[in-house]
Amino acid sequence: MSANQQREIVLYTLDPNKLLKAVQNDQTKFVIVRWCLDYLFSVKKGHIASIKEIKKAWPFNDALITNDALRIAPEYLTVLAGTMNGEDDSIHSRILKQHFEQLRIMKLLGEGLDVEDLSLANKREMKSFGQEIEVFKDIEGKALGPYKGVFPTRSYDATREAFCLSGGFYNHLASKYPEKDIDKALEDAHSYLVKTPLSRRHHASMKRYLEAWISGDLLLLNKMKKKKPQINKKDFYESMRNE
């Protein structure tokens, strides 16, 4: 089994206790939600499908899929009205959307990349389904090469610590700034951080920095700084002595 296949299986490991709690310990709804997630993942290979299709594929004739069962755990499944071809209601899975977007980004990093996940603060445990790798040790120097969704952090030169753009964060940027060319902006930010090590950020503040780059807040802040009168070291100490 390849490393990517193993990673894909790990990302789809659901915590049954959390899912059962999310459906208020209703066993029937638990089975419905889990089956729908499995259907989307294995058959549709995506995060959305029409409810009509889901009900047609449902194999258990002794129980019916009801819309309230699809709405009971919105962190797993949500119902969207009239989104498929403008007519059918559909179900949408946020965690599956994050999974497939993250898988796309990880494939960009290279098929053979051995990722040492630093997001768990060195905890030796498996990442559960829906969680995403954001910080890892970039042994192969991917962050300094052509842009592939990886940014060098402030500690990069010393520890090779890199920030990986997760699917969930990418989707957040795309939905919040629909008028922006997100891919071009991220590529520009990557190029700038590669060329100017002193401007790199700690991984904990990288999301805030990238969003400020895309929104234009960084540019506005730089313009405000340039408008302020600059004072050299000699004048600064002379002013202090006079006071």
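The values are calculated or read from the model by the stated rules, or taken from the named source; none is laboratory data. Keep in mind it's a predicted model, so treat the numbers as computed, not measured. So basically every Cβ, Gly included, is an ideal-geometry build from the backbone, and we count neighbours across all protein chains shown.
Let's see how each residue does on (1) under 23 Å from Asn171 (Cα atoms); (2) in contact with a Pro (Cβ under 7 Å, 6 or more places away or on another chain); (3) modelled with pLDDT under 90:
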{"residue": "Lys18", "(1), (2), (3)": "no, no, yes"}
{"residue": "Asn25", "(1), (2), (3)": "no, no, no"}
{"residue": "Thr28", "(1), (2), (3)": "no, no, yes"}
{"residue": "Ile32", "(1), (2), (3)": "no, no, no"}
{"residue": "Cys36", "(1), (2), (3)": "yes, no, no"}
{"residue": "Ser50", "(1), (2), (3)": "yes, no, yes"}
{"residue": "Asn61", "(1), (2), (3)": "no, no, yes"}
{"residue": "Pro74", "(1), (2), (3)": "yes, no, yes"}
Report, ordered by the first and then the second residue, all pairs with beta carbons closer than 9 Å, sequence separation of six or more or different chains, a first member in segment 63-79 that is in the same structural domain as Val23 (by TED's automatic domain parsing), and a second member that is of a type in the set (S, T, N, Q) and in a loop (DSSP other than H, G, I, E, B). Ile72/Gln24; Ala73/Gln24; Tyr76/Ser93; Leu77/Ser93; Thr78/Ser93
Residues of segment 161-184 that turn out to be in contact (Cβ under 8 Å) with a residue 24 or more places away in the chain and acidic (Asp, Glu), as a count: 1
Considering only residues that are assigned to a helix (DSSP H, G or I) and more than 12 Å from Leu77 (Cβ to Cβ), which ones fall in segment 42-52? Ser42, Val43, Lys44, Lys52
Within segment 146-178, track down each residue that is outside any loop (DSSP other than H, G, I, E, B) and at positive phi. none
Given the criteria buried (at least 20 other Cβ atoms within 10 Å of the Cβ) and under 20 Å from Ser205 (Cα atoms), does Tyr177 qualify? no
Residue list for segment 192-203, filter: in a helix (DSSP H, G or I) and farther than 18 Å from Tyr170 by Cβ: Tyr192, Val194, Lys195, Pro197, Leu198, Ser199
Inspect segment 156-169 for any residue being under 17 Å from Leu186 (Cβ atoms), among the polar types (S, T, N, Q), in contact with a helix residue (DSSP H, G or I) (Cβ under 9 Å, 6 or more places away or on another chain) and at pLDDT 90 or above and give the result as yes or no. no
